[in-house]
Amino acid sequence: MFFNRIRELNDLNRIWNSGQPQLVVIYGRRRVGKSALLSKWADRKPCFYWTATQTTGERLLGSFSRGLQTFKHPTMELSKEFSYPSWESAINEVADMARQKKMMLIIDELPYLIDADPEIPSLLQKMWDTLFQKSKIIMALTGSRIGMIEKHVLSSKGPLYGRASAVMWLDPLSVQHLHYFLPRYSQTQLVEVYSIAGGVPLYLKMFDDSISVIENIKREIQSTTSILKGEPYFLIHEELKEPLRFVAILEAIGSGKKQLSQISKTTGIEKPHLVPYLKILENIKFIKRNVTITENPTKSRKGLYDFSDLFLKFYFRFIAPYQNLLEEGRENSVIKNIEDQFDSFVGKEGFETLCRQWMIHMANQKKLPFDPETIGKYWDKSVEIDIAAVSKKHKAMMIGEAKWTHQKCGLNVLDELSRKGKHIEEKLDYHTTKFIFSKSGFSEPLIKRAKIENVRLIELKELFF
């Protein structure tokens, strides 16, 4: 489905049409759709597309060699044992071909190749500097193991540092695109799905839109081949060494321990040793460190850790803590726990995320009362504000409340938000502008008072911009 990757595809096509040799790095979390995007980009172009797998260097070289020969001579019969004598000679062959005519080389899942042969990045750097600069090559290196790509390709200490002419991080899809996968679902149901799967295409395929979201979850939990139950540990073991410590940290965050001291106490990992583990999880975008929007994130010591990946968030909230029940065949107890807390989870995680995304979108469109420097959350000892945006330059803050309930928002919601606004104005001397986001709409008294007080009321449909 490429209606949702048009911008990325257009960027890649501009690279193809540049007239210069190009080295492109495309990476992102597993299952996000990198290979599908690359296949679409390569369509109808002279492209040798090769995917590395988890095997020995010798077998990978043989696979690459036979693939390259088939690309070069499509009708030639080739021995199953054919292989170039070395990676250098194989890459040299690509360079010779690219000097003669424009071509694309895509090496997908590069980290598997580096696992098998750690010298590959240095070899590619050498060949790029000496041979490919005089060719008509468009080379794309891709991978899902974020840490490996950043270490060997993007890091200043990596051999390929500075060679890439373009780096593309592929984000999951936005909620606005989910209806293409699940056309029979309402906007409410799409937000529920988003809260579980994020915007990862493979996870969206877990859902059958002829039944409810909860029924889909039940089916997954009762399945012996469930992506929901097996995928998180696969992701962790793929990306991380010492997975047991990382799992312990993720379990602690999933249970609501967000402060450094709380995570340390729960995991038994002392703070000085814990911080590097947290940094690694941040770098691979499993978690994020939030600070209140009025503080500098690099200087603040009040950071709270949370998941940046909604799929992992759901798993470590509702599945990981109850492995013993699943092993005992007590799936119904796990399902009952999800049903009891599901609306609260969707409201706090998926819906609030969408509200902040709407705020970012409106800021980009210059449709907010002022141009904010930071969009996120605000909290102190007295108040917590779900959606907030600040401009220290203008001494102004936008504050929002997100309500995921079956009832229309009433005056009590505005009263509470006004209390928070008054606190901000007295404490920080900032002017505040109020927003209320609601799944189910607004009562007539609230609508009338909001007009008088210039409070912006945002319905669910407006988040599907």
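The values are calculated or read from the model by the stated rules, or taken from the named source; none is laboratory data. Predicted model, so just to flag it, every value in this text is computed and none were measured. Backbone-built Cβ (ideal geometry, glycine too); neighbour counts: all protein chains shown.
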Original post:
Checking residue 323 against (1) surrounded by fewer than 19 Cβ atoms within 10 Å (Cβ to Cβ); (2) modelled with pLDDT of 95 or more, which single condition isn't satisfied?
Top reply: (2)
Original post:
Under the condition of being surrounded by fewer than 18 Cβ atoms within 10 Å (Cβ to Cβ) and of a type in the set (Lys, Arg), which residue from region 25-65 is farthest from residue 204 (Cα to Cα)?
Top reply: 59
Original post:
Within the set of pairs 6+ apart or on separate chains, which have a first residue in region 367-387 that is closer than 19 Å to residue 308 by Cβ, a second that is among the hydrophobic types (A, V, I, L, M, F, W, C) and surrounded by fewer than 17 Cβ atoms within 10 Å (Cβ to Cβ), and C-beta atoms under 6 Å apart?
Top reply: 375/360
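Go through the residues of region 300-307 one by one and say whether even a single one is farther than 30 Å from residue 393 by Cα, in a helix (DSSP H, G or I) and in contact (Cβ under 8 Å) with a residue 12 or more places away in the chain.
Initial filter on region 300-307 (farther than 30 Å from residue 393 by Cα): 307.
From what is left, the residues that are in a helix (DSSP H, G or I) are none.
No; the residues of region 300-307 include none that is farther than 30 Å from residue 393 by Cα, in a helix (DSSP H, G or I) and in contact (Cβ under 8 Å) with a residue 12 or more places away in the chain.
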Original post:
What tally of residues in region 148-158 results from selecting those that are surrounded by fewer than 19 Cβ atoms within 10 Å (Cβ to Cβ) and in contact (Cβ under 8 Å) with a residue 12 or more places away in the chain?
Top reply: 3
Subject >> residue 218 vs. criteria closer than 20 Å to residue 311 by Cα, among the basic types (Lys, Arg) and in a helix (DSSP H, G or I) >> reply: yes
Original post:
residue 420 is checked against (1) touching a residue at least 12 places away in the same chain (Cβ under 8 Å); (2) part of a helix (DSSP H, G or I); (3) closer than 22 Å to residue 199 by Cβ and fails just one. What number does that condition carry?
Top reply: (3)
**OP:** Looking at (1) over 25 Å from residue 354 (Cα atoms); (2) at pLDDT 95 or above, find the lone condition where residue 314 falls short.
**Re:** (1)
Original post:
Taking region 66-91, which residues are in contact with a helix residue (DSSP H, G or I) (Cβ under 7 Å, 6 or more places away or on another chain) and surrounded by 15 or more Cβ atoms within 10 Å (Cβ to Cβ)?
Top reply: 68, 83, 84, 87, 90, 91
**OP:** List every residue pair whose Cβ atoms sit under 6 Å apart, with the two residues 6 or more apart in sequence or on different chains, where the first one lies in region 36-58 and is free of Cβ contacts under 8 Å to residues at least 40 places away in the same chain and the second, anywhere, is surrounded by fewer than 17 Cβ atoms within 10 Å (Cβ to Cβ).
**Re:** 40/2
Subject >> Test for residue 231: is it in a helix (DSSP H, G or I) and under 20 Å from residue 336 (Cα atoms) >> reply: no
**OP:** Check 408, 403, 395 and return the single one that is touching a helix residue (DSSP H, G or I) at 6+ places or on another chain (Cβ under 9 Å), in contact (Cβ under 8 Å) with a residue 24 or more places away in the chain, in the same structural domain as residue 453 (by TED's automatic domain parsing) and surrounded by 18 or more Cβ atoms within 10 Å (Cβ to Cβ).
**Re:** 403
